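The values are calculated or read from the model by the stated rules, or taken from the named source; none is laboratory data. Predicted model only: the values in this text are computed from it and were never measured. Virtual Cβ from ideal backbone geometry, glycine too; neighbours counted across all protein chains shown.
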Amino acid sequence: MTLNNIPRPYVIVIVIILAGIFSLFLGVIIGNLTHLVSGDKDSGKKDVESEFVDKTIESEEVVPEEKSAIELYEVFLLMSIDPDVINQTGNMLKEEGFKIKVISILKAGKKIYFLKLDALYKKENAEALGNDIKLLYPEFSGYWLEKVIIEREPDIKLKEIEQETSTDKIEPVVTESVQEKIKKAADRGVDLYEMQVLANTDKSKIKEKSDLLKKYGYRTKITTARVNDILYYRLRIDSLYTLTAGQKAGEKLKLQFDFIEGYWLEKIKKSQ
């Protein structure tokens with residue numbers, strides 16, 4: 001039997017059925033292809049994300065540590081437009097064992113000279129040293145500090161930085177020089193004095209004032225004395241002076257600190 005022998009209405013129905021079967025079959029094929037392509041894309045995305053995370057972690061592991069910095073200070077002692085004044089004062093300090101350096105700048109057509117210690121110090125050490133020089137040597141009415149920032153690698157220790165800047169090497173020489181100055185003065189028959197700035201039966205009050213003086217760079221010590229069976233605590237500056245230098249230092253301390261109404265200079269015995 002051929003299509004020509006089938007009634008026309010039946011032919012139309014058969015064609016519609018065949019078209020539907022073909023469309024269904026084509027839809028299944030397209031769906032499968034779409035799923036496969038979508039799966040590949042998702043897989044690729046996961047791989048890319050995984051690769052990105054791995055690279056991020058690896059990058060964090062190799063980031064170099066930043067450099068750190070420390071603050072040290074130079075001690076400046078004198079400024080003048082007269083180079084002879086700077087040189088004479090500098091030579092005096094050299095004879096006392098200090099390492100010094102002279103620098104100059106040009107300002108408003110004039111050359112200005114500066115005398116400073118040739119070393120770098122922690123701030124508290126710089127202040128203590130400046131105060132010692134100011135009190136022991138009448139040639140200096142004051143001092144000032146200049147901050148120096150030193151960058152260092154992360155694996156370099158602070159102690160190594162201090163050794164490189166000669167801080168540890170210079171400061172013992174300074175201390176020895178002061179002691180040598182005292183010894184020379186004693187050998188010449190010059191009397192030396194210790195300064196007391198406060199006495200009280202309240203130890204906590206003495207400690208409080210001692211801490212205040214230390215904050216401003218002064219070295220102090222606390223001694224005791226019993227008078228009429230009463231124990232007194234005495235606050236003293238931990239240094240020795242000639243009579244003239246001690247009087248100048250005492251007057252400066254009176255002006256600087258309200259709690260110091262007076263001072264006492266006690267002569268040091270030759271055997272001390």
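Take the stretch 99-129 and flag every residue that is modelled with pLDDT of 85 or more, closer than 11 Å to Leu77 by Cβ and surrounded by 14 or more Cβ atoms within 10 Å (Cβ to Cβ). Ile100, Val102, Phe114, Leu115, Lys116, Leu117, listed by residue number.
Could you please let me know if Ser210 is at pLDDT 90 or above, surrounded by 13 or more Cβ atoms within 10 Å (Cβ to Cβ) and under 30 Å from Glu139 (Cβ atoms)?
Details: at pLDDT 90 or above: yes; surrounded by 13 or more Cβ atoms within 10 Å (Cβ to Cβ): yes; under 30 Å from Glu139 (Cβ atoms): yes.
When the stated conditions are applied, Ser210 passes them.
Regarding the stretch 130-153, can at least one residue be identified that is of a type in the set (S, T, N, Q), at pLDDT 50 or above and buried (at least 16 other Cβ atoms within 10 Å of the Cβ)? Yes, the stretch 130-153 contains a residue that is of a type in the set (S, T, N, Q), at pLDDT 50 or above and buried (at least 16 other Cβ atoms within 10 Å of the Cβ). Listed by first and then second residue, the pairs linking a residue in the stretch 193-204 that is free of Cβ contacts under 8 Å to residues at least 40 places away in the same chain to a residue that is assigned to a helix (DSSP H, G or I), with Cβ atoms under 9 Å apart and 6 or more places separating them unless they lie on different chains, are Ala199/Ile206; Asn200/Ile206; Asn200/Lys209. Hey, any hits in the stretch 227-236 for a residue that's in a strand (DSSP E or B), free of Cβ contacts under 8 Å to residues at least 24 places away in the same chain, assigned by TED's automatic domain parsing to the domain that holds Thr201 and surrounded by fewer than 16 Cβ atoms within 10 Å (Cβ to Cβ)? Scanning the stretch 227-236 turns up at least one residue that is in a strand (DSSP E or B), free of Cβ contacts under 8 Å to residues at least 24 places away in the same chain, assigned by TED's automatic domain parsing to the domain that holds Thr201 and surrounded by fewer than 16 Cβ atoms within 10 Å (Cβ to Cβ).
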